[in-house]
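I have placed the structure first, in the form of structure tokens, so that the comments after it can refer back to it.
The values are calculated or read from the model by the stated rules, or taken from the named source; none is laboratory data. Small disclaimer: the values here were computed from a predicted structure and weren't measured. Cβ placement follows ideal geometry from the backbone for every residue including glycine, while neighbour counts extend to all protein chains displayed. We work out accessible area using only protein heavy atoms, side chains counted, and drop any ligands, DNA or RNA first. Shrake-Rupley method; radii C 1.70, N 1.55, O 1.52, S 1.80 Å.
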Amino acid sequence: MIMQTSPSSSYRLRVSKLSKSFTLHNRGAIEIEAFSDVSFCIDPGELLALTGPSGAGKSSVLKTIYRTYKPGSGQVLLQRGGQLVDLAACSDSEMLEYRRADIGFVTQFLKILPRVSAVDVVAAPLVALGRGLENARAEAVDLLRRLYIREDLFSLSPLTFSGGEQQRVNIARGVIAPKKLLLLDEPTASLDDKSAAMVLEILNNLKQQGICILAIFHDRQRMEQIADNEFNIMEYNS
Ligand SMILES: Nc1ncnc2c1ncn2[C@@H]1O[C@H](COP(=O)(O)OP(=O)(O)O)[C@@H](O)[C@H]1O
Ligand SMILES: [Mg+2]
């Protein structure tokens, strides 16, 4: 379903009364509520932090917006330029196009093919946009250096990296060719202070470019350094 709005180059996300439950078919079809009645808005250049205790449904909200999970009820309205689309109601093929063009998702764990070097994993989104390989690799190297990845790891597969190194590769891949809406699931969870501060600096820079960011932080102090607003799932459900 596509609704036309006034022409504008900006992107906004408005989530309205979004709910999701799982039916566990191997457990006598019992229903488990992941989250219910989640509503918030993200303006261009704003970072909204999704907070709440473990198991509150934070990761499920991100996965439902990205349509990894099928939405239950509610709307996920994305204003993309002059268009307003409901990500909870569009077709799978439309959703694939919105993901390709507009929505980035840095999940909690790096999922990549084996035998691809760290540099090529990070360069891939630029190459997909038509950037020449050498140029894309040079930018990937810059970003990996900024994130304090050791040079001798650049040509190796990140599958053998430590948790914190994998996380930085995952973030580098997610921000090298930033989409207009960025979803981040605990991007600083296994990072030391120095790397986490650099990730926050990179996110700040994306905000200045007008990108909408929805993020879950494992650490309240880091969240407060970067978030413009907070939506606490539990407070709105109690
Ligand atoms: N794929 C799934 N199938 C069944 N239950 C799930 C699934 N994903 C999440 N859940 C359940 O939904 C609830 C919220 O999980 P999650 O979104 O991971 O919470 P959070 O990220 O806030 O810790 C939990 O009770 C979890 O077990
Ligand atoms: Mg989670």
I'm checking my understanding of the structure. Among residues of segment 155-188 that are open to solvent by 10 Å² or more (accessible area, probe 1.4 Å), in a loop (DSSP other than H, G, I, E, B) and not hydroxyl-bearing (Ser, Thr, Tyr), which one is farthest from Arg220 (Cα to Cα)?
Leu156
Is there any pair linking a residue in segment 32-49 that is open to solvent by 50 Å² or more (accessible area, probe 1.4 Å) to one that is part of a loop (DSSP other than H, G, I, E, B) and within 16 Å of ligand 1 (Cβ to nearest atom), with Cβ under 8 Å and at least six apart or on different chains, and which?
Glu33/Gly57
Within segment 105-119, is there a residue that is in a helix (DSSP H, G or I), away from ligand 1 (no atom under 16 Å from the Cβ) and in contact (Cβ under 8 Å) with a residue 24 or more places away in the chain?
yes
Filter segment 227-238 down to the residues that are in a loop (DSSP other than H, G, I, E, B) and either within 16 Å of ligand 1 (Cβ to nearest atom) or surrounded by 17 or more Cβ atoms within 10 Å (Cβ to Cβ) (or both) and list them by number.
Ala227, Ser238
For segment 38-47, check the following and say yes or no: at least one residue is in contact with an Asp or Glu (Cβ under 7 Å, 6 or more places away or on another chain) and near ligand 1 (Cβ under 7 Å from one of its atoms).
no
Subset of segment 99-126, residues open to solvent by less than 40 Å² (accessible area, probe 1.4 Å), closer than 20 Å to Arg150 by Cα and of a type in the set (A, V, I, L, M, F, W, C), comes to Leu110, Ile112, Ala118, Val119, Val121, Val122, Ala123
With the requirement that a residue be away from ligand 2 (no atom under 13 Å from the Cβ) and either β-branched (Val, Ile, Thr) or assigned to a helix (DSSP H, G or I) (or both), what does segment 32-75 give you?
Ile32, Val38, Ile42, Ile65
Since Arg150 meets every condition but one in (1) surrounded by 15 or more Cβ atoms within 10 Å (Cβ to Cβ); (2) out of contact with any strand residue (DSSP E or B) (no Cβ under 9 Å at 6 or more places or on another chain); (3) not aliphatic (A, V, I, L, M), which condition does it not meet?
(1)
Identify all residues within segment 112-147 that are charged (D, E, K, R) and in contact with a helix residue (DSSP H, G or I) (Cβ under 9 Å, 6 or more places away or on another chain); write none if there are none.
Arg115, Asp120, Arg131, Arg137, Glu139, Arg145, Arg146
Do you know which of the residues in segment 6-30 that are more than 25 Å from Leu200 (Cβ to Cβ), surrounded by 11 or more Cβ atoms within 10 Å (Cβ to Cβ) and not hydrophobic (A, V, I, L, M, F, W, C) is farthest from ligand 2 (Cβ to nearest atom)?
Ser8
Subset tally (residues that are more than 16 Å from ligand 1 (Cβ to nearest atom) and either closer than 13 Å to Phe40 by Cβ or assigned to a strand (DSSP E or B) (or both)) for segment 189-226
2
